[in-house]
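Q: Here it is: the structure, laid out below.
What follows draws every value from the coordinates through simple rules; no lab data is involved. On a predicted model such as this, the values are computed, not experimentally measured, just so you know. Neighbour counts are summed over all protein chains in view; Cβ atoms, including those assigned to glycine, are modelled from backbone coordinates with ideal geometry.
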Amino acid sequence: MLDSAQMYHNEKEVGTAIRTFLKNNPSVKREDIFYTTKLASNDGYNRSLKSLETSLQVCGLEYIDLILIHSPYGGPKARNESWQALLEAQKRGWTKSIGVSNYGVKHLQEMLKQGYKPVINQVDLHPYMTRTDIVQFCQKNDIILQVHAFDLDILPI
């Protein structure tokens, strides 16, 4: 699984690495590599959809396995429009799955009330930040938690 994001400015490099690896390893298929990227901002339906199309072109892959909304910023209207753009990207075959990143319980409840459920919520979670409320909410609602940890320097190694 390879994780990228528009905000990380690494979609081109990750896509190139995947294509090069596949070319040099013919026994490995594209479906064996899981590629994720994230929408940089909740910027309305049309801009978000265009931004997702650009991500697909920049990475140079036939599809993106998972696209996430990077954060809940922008308010309910912006979040909803961005989610609509992700749904359209999935309908067009640009991505197989859609989800969110850094969403709190309030944001997830808002989505569920609108009839939408992300496959994944990617959050910062580790022994020093247990976030029990998000963990319990996602478990109860069958939303996969994907963990990232920005503060790895605080973990004893």
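Q: I want to check the label-to-label distance for residue 47 and residue 9. Put each point 7 Å from Cα in the C-beta direction and report it in nm to one decimal.
A: Distance between label points: 2.0 nm.
Q: Sticking with this one: How high is the relative contact order of the chain, in percent, with contacts defined as C-alpha pairs under 8 Å that are six or more residues apart?
A: Worked out over the chain, it gives 18 percent.
Q: Sticking with this one: By the scheme Lys and Arg +1, Asp and Glu -1, what is the net charge of all other residues having a beta-carbon under 13 Å from that of residue 133?
A: Numbers: positive: 106, 131, 140; negative: none.
Here the charged neighbours net out to +3.
Q: Each label point is 7 Å from the Cα along the Cα-to-Cβ direction; what then is the distance between the points at residue 106 and residue 73, in nm?
A: 1.7 nm
Q: Residue-wise, which Karplus ³J(HN,Hα) couplings in Hz belong to region 89-99, taking 6.51 cos²θ - 1.76 cosθ + 1.60, θ = phi - 60°, and x for glycine or proline?
A: Karplus values, whole Hz, x for Gly and Pro: 4, 5, 4, 7, x, 6, 9, 8, 9, 9, x.
Q: Can you give me the long-range amide H partners of residue 146? Hydrogens built in the peptide plane at 1.01 Å from N, cutoff under 5 Å, separation of 5 or more residues or another chain.
A: HN-HN under 5 Å from residue 146: 121, 122, 123.
Q: Starting from the 7 Å offset along Cα-to-Cβ, what nm value, one decimal, do you get for the label separation of residue 25 and residue 96?
A: About 1.6 nm, to one decimal.
Q: Restricting to the chain, compute how many DSSP beta bridges are antiparallel as a %, nearest 5.
A: Expressed as a percentage, antiparallel bridges in the chain total about 5.
Q: Would you mind ranking 137, 21 so that the residue whose beta carbon has the fewest other beta carbons within 10 Å leads the list?
A: 21, 137
Q: So, one more: Sequence neighbours fewer than 8 away in the same chain don't count; with that in mind, list the aspartates and glutamates whose C-alpha is under 17 Å from residue 50.
A: Cross-link targets: 11, 62, 81, 88.
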